[in-house]
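Structure record follows, encoded as structure tokens.
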Amino acid sequence: MSTNTKKTIVITGANRGIGFAMTKLCVARGDTVYALCRHSSSALTQLSSAANLHIIEQVDVSTPQGITQAVTALNKVNIDLLINNAGILRDENLQHLNAATITEQFNVNALAPLLITHALLPNLSSGSKVALITSRMGSITDNTSGGRYGYRMSKAALNIAAMSLAQDLKADNIVVGIYHPGYVQTDMVNHSGDISSELAAERLIGLMDQLSLAETGVFKHSNGESLPW
């Protein structure tokens, strides 16, 4: 797909943070965007007058009902780019382990993107792209500070799922991008990041535009650097 060609893009977790920033950017440049979220935000609703934006609510990616809602709303929609962005961050350390929050993060961060992608395979075709927003905190090599057990484990699981998707979809000419957005100023980190959501979105969409079969399954920072597993 040419970077100048208008695309049909599906984004999960589109109501805030990086998801909203990517939604806003893609709507502004003329792409048809399906913004999936549990509930719309005031910022997302303000964009709803755009004819090329379709807001789909009640999509909790961690539930069968949420996935069914997405599949129903996207019936017969040909997707050029599926961005699995929805994710959550909880905090555990060795002194305060919490099996419930670790499991919650696995369900949302690792399992849900795989299930959403699987459910929407009929909407993808040769030339389509699947992007997964992960984190360098899922890198084993990069882990020098410990802690954050659930988040790190769930993102590592997402990374290996993404690599399997890249291998399994290669024969269908569907490419897979695996992206760390950077340390982004979002609600997830109490806005303590070092880059804005807008800059992260610009970088990520730029990488997705350029993604080709030659780089399917490569783990990248939004600044373009390849990251260690």
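Nothing in this text is a laboratory measurement; each read-out follows from the coordinates by a stated rule. Since the structure is predicted, the reported quantities are computational estimates derived from the model, not experimental observations. So basically every Cβ, Gly included, is an ideal-geometry build from the backbone, and we count neighbours across all protein chains shown.
Is there a quick way to get the dipole size of the stretch 8-221? I mean about its Cα centre, with the Cβ of Lys and Arg at +1 and of Asp and Glu at -1; what is the value in debye to the nearest 20? Working shown, then result.
Values: 14 positive and 16 negative charges, 10 e Å.
About 40 debye.
Run the quick spin-label model on residue 119 and residue 172: label points 7 Å from Cα toward the beta carbon, then report their separation in nm to one decimal.
Going from the residue 119 label point to the residue 172 one covers 1.6 nm.
Just to be sure I understand the curve: with the Debye formula and one point per C-alpha of the stretch 75-196, what is log10 I(q)/I(0) at q = 0.13, 0.23 Å⁻¹?
The calculated log intensity ratios at q = 0.13, 0.23 Å⁻¹ are -0.56, -1.32.
Which of the lysines could a cross-linker span from residue 76 if the Cα-Cα distance has to be under 19 Å and same-chain partners fewer than 8 positions apart are dropped?
6, 7, 129
Only bridges whose two residues both fall in the chain count here: according to DSSP, what percent of them are antiparallel, nearest 5?
Numbers: 2 of 27 bridges.
Counting DSSP beta bridges with both partners in the chain, the antiparallel share is about 5 percent.
First select every other residue whose beta carbon is under 12 angstrom from the beta carbon of residue 162; then total the charges, Lys and Arg +1, Asp and Glu -1. Don't jump to the answer; show the numbers that get you there.
Values: positive: 155, 220; negative: 168.
Every neighbour counted, the sum reads +1.
Could you pull out every residue, at least 5 positions away or on a different chain, whose amide H is within less than 5 Å of the one on residue 227? Hs are placed 1.01 Å off N in the peptide plane, and Pro or chain starts have none.
Result for residue 227 returns 219, 220, 221.
Divide by every residue of the chain the summed helix terms, -39500 (n - 2.57) for each DSSP H run of at least 4, and state the resulting mean residue ellipticity at 222 nm, rounded to the nearest 500 deg cm²/dmol.
Details: 7 runs with 77 residues, N = 229.
Mean residue ellipticity, 222 nm, calculated: -10000 deg cm²/dmol.
Please compute the contact order of the chain in relative form: average sequence separation of alpha-carbon pairs under 8 Å and at least six residues apart, divided by the residue count, as a percent. List each step's numbers first, then the result.
On the way: 454 pairs, mean separation 43.5, N = 229.
Relative contact order for the chain comes out at 19 percent.
Using only Cα atoms, tell me the angle between helix 149-169 and the longest principal axis of the chain; keep it within 0 to 90° and round to the nearest 10.
The angle comes out at about 40 degrees.
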